[in-house]
Amino acid sequence: SQQGEEDPQALSIQEGENATMNCSYKTSINNLQWYRQNSGRGLVHLILIRSNEREKHSGRLRVTLDTSKKSSSLLITASRAADTASYFCAPVPPGSARQLTFGSGTQLTVLP
Amino acid sequence: DTGVSQNPRHKITKRGQNVTFRCDPISEHNRLYWYRQTLGQGPEFLTYFQNEAQLEKSRLLSDRFSAERPKGSFSTLEIQRTEQGDSAMYLCASSLGPGSDKSLHFGNGTRLTVT
């Protein structure tokens, strides 16, 4: 298994602004998943992007994947206070039937 | 509610005591995972089951930790002779496997405090 590294560690923005967080990983992947965690709660799956996809949208979320740079980004547009949470990426290697591995995440704070 | 359920939500125990947590996964999910999370860190993998078989255990899972999943349904995680370093959030997740493109569904965790 491999771990993604999220950057920045913390991000603070005003409501209505866009938030971008990045994920880097080290080896080849089958797909990469993004999760959100509100304080004191479990993780919630946001979006999965496969290795042959470059961009994916889901509501206000936009995920990009650059396998040549081994990086992904998560963009949240028109952020809301309710988007305040920690965000984690989980790169999934090919053929992996095992666990997902998480980094330390990006702590996003959206100020009203 | 058909989500992953964990009990108890909070547990305070004294050092040296044994504790047991329970996880009820989504009913049709055959994979079940246990993670541990400390403040400011991401979840760390502990172990995972496919049906009733425990297929992988992390080095983090010392011999004081044991997990079971009888009959491939709910799972329990027991910590014997708790230490203060065991204080953490213990998260359970389930997925419909096999396949690496399956997302995990997490419960809201059990927060353990060892005094």
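Assorted remarks:
- Entry remark, segment B:1-32: residues being closer than 19 Å to B:LEU46 by Cβ, open to solvent by 30 Å² or more (accessible area, probe 1.4 Å) and of a type in the set (D, E, K, R) number 4 in total.
- Candidates A:SER72, A:SER28, A:SER12 - the one that is away from every other protein chain (no Cβ under 14 Å) and either in a loop (DSSP other than H, G, I, E, B) or buried (at least 21 other Cβ atoms within 10 Å of the Cβ) (or both): A:SER72
- Conditions (1) within 13 Å of the chain's Cα centre (by Cα); (2) of a type outside the set (Asp, Glu); (3) on the phi > 0 side of the Ramachandran plot; number of the one not met by B:PHE49: (3)
- Matching entry among B:TYR35, B:TYR48 (being surrounded by 19 or more Cβ atoms within 10 Å (Cβ to Cβ) and either part of a loop (DSSP other than H, G, I, E, B) or at pLDDT below 95 (or both)): B:TYR48
- Here the condition is being charged (D, E, K, R) and open to solvent by less than 50 Å² (accessible area, probe 1.4 Å); of B:ASP86, B:ASP101, it holds for B:ASP86 alone.
- Within segment B:66-78, considering residues that are out of contact with any Pro (no Cβ under 9 Å at 6 or more places or on another chain), touching a residue at least 40 places away in the same chain (Cβ under 8 Å) and surrounded by fewer than 22 Cβ atoms within 10 Å (Cβ to Cβ), the one farthest from the other protein chains (Cβ to nearest Cβ): B:GLU78
- Against the list (1) open to solvent by 70 Å² or more (accessible area, probe 1.4 Å); (2) more than 12 Å from chain B (Cβ to nearest Cβ); (3) under 23 Å from B:LEU46 (Cβ atoms), the condition A:GLU17 fails is (3).
The values are calculated or read from the model by the stated rules, or taken from the named source; none is laboratory data. Every value quoted in this text rests on a predicted model; they were computed, and no experiment measured them. No Cβ is skipped: glycine too gets one built from the backbone with ideal geometry, and neighbour counts run over all protein chains shown. Surface accessibility is based on the protein's heavy atoms, side chains included, excluding ligands, DNA and RNA. Shrake-Rupley method; radii C 1.70, N 1.55, O 1.52, S 1.80 Å.
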